[in-house]
Amino acid sequence: MTDRSPRLLPWTAPGGKPCYLFTDDDGGFLSRYADEVEALQLGMGLGLLEHARVLIDDPAADARQLRFLSVQLSAALRDAVRVAQARGAGGSAQVE
């Protein structure tokens, strides 16, 4: 077994604790699934950004809509930071 760092997975355990994968198999089922989840999360974040542009430019948007948007953007940003951390580009702070 090689001495490898654990992979931060794109989901959390109950209670919001980070999940890690220890494996030597980069092409294993769980690694591939994590790659798919990361891609899905980033794609959803991009779609949400497009929706945000439209809603922010809409003068008829009310506080409830904008509050909901901010909650969704916060979740998408949390996911994107977790993906960046998993890929080694997110610094040492943990996402909560």
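At a glance:
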read-out: Selection from segment 1-48 of residues that are closer than 22 Å to residue 69 by Cα, among the aliphatic types (A, V, I, L, M) and touching a residue at least 24 places away in the same chain (Cβ under 8 Å); value: 37, 42, 44, 48
read-out: Flag for residue 66 being at pLDDT 95 or above and outside any strand (DSSP E or B); value: yes
read-out: Hits in segment 20-36 (condition: surrounded by 12 or more Cβ atoms within 10 Å (Cβ to Cβ) and in contact with a helix residue (DSSP H, G or I) (Cβ under 9 Å, 6 or more places away or on another chain)); value: 21, 23, 34
read-out: Matching residues in segment 1-56 - criterion: being among the small types (Gly, Ala, Ser) and within 18 Å of the chain's Cα centre (by Cα); value: 13, 15, 16, 31, 34, 39, 43, 45, 47, 52
read-out: Which numbered condition residue 60 misses (of (1) closer than 28 Å to residue 5 by Cβ; (2) open to solvent by 70 Å² or more (accessible area, probe 1.4 Å)); value: (1)
read-out: Restricting segment 76-92 to residues that are small (Gly, Ala, Ser) and surrounded by fewer than 14 Cβ atoms within 10 Å (Cβ to Cβ), the residue that is nearest to residue 5 (Cα to Cα); value: 88
read-out: Qualifying residue in segment 52-63 (condition: farther than 22 Å from residue 9 by Cα, of a type in the set (D, E, K, R) and in a loop (DSSP other than H, G, I, E, B)); value: yes
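The values are calculated or read from the model by the stated rules, or taken from the named source; none is laboratory data. From a predicted model like this one, the values you see are computed outputs, not experimental measurements. Glycine gets a Cβ as well: all are built from the backbone with ideal geometry, and neighbour counts include every protein chain shown. With ligands, DNA and RNA removed, areas are computed over all heavy atoms of the protein, side chains included. Shrake-Rupley method; radii C 1.70, N 1.55, O 1.52, S 1.80 Å.
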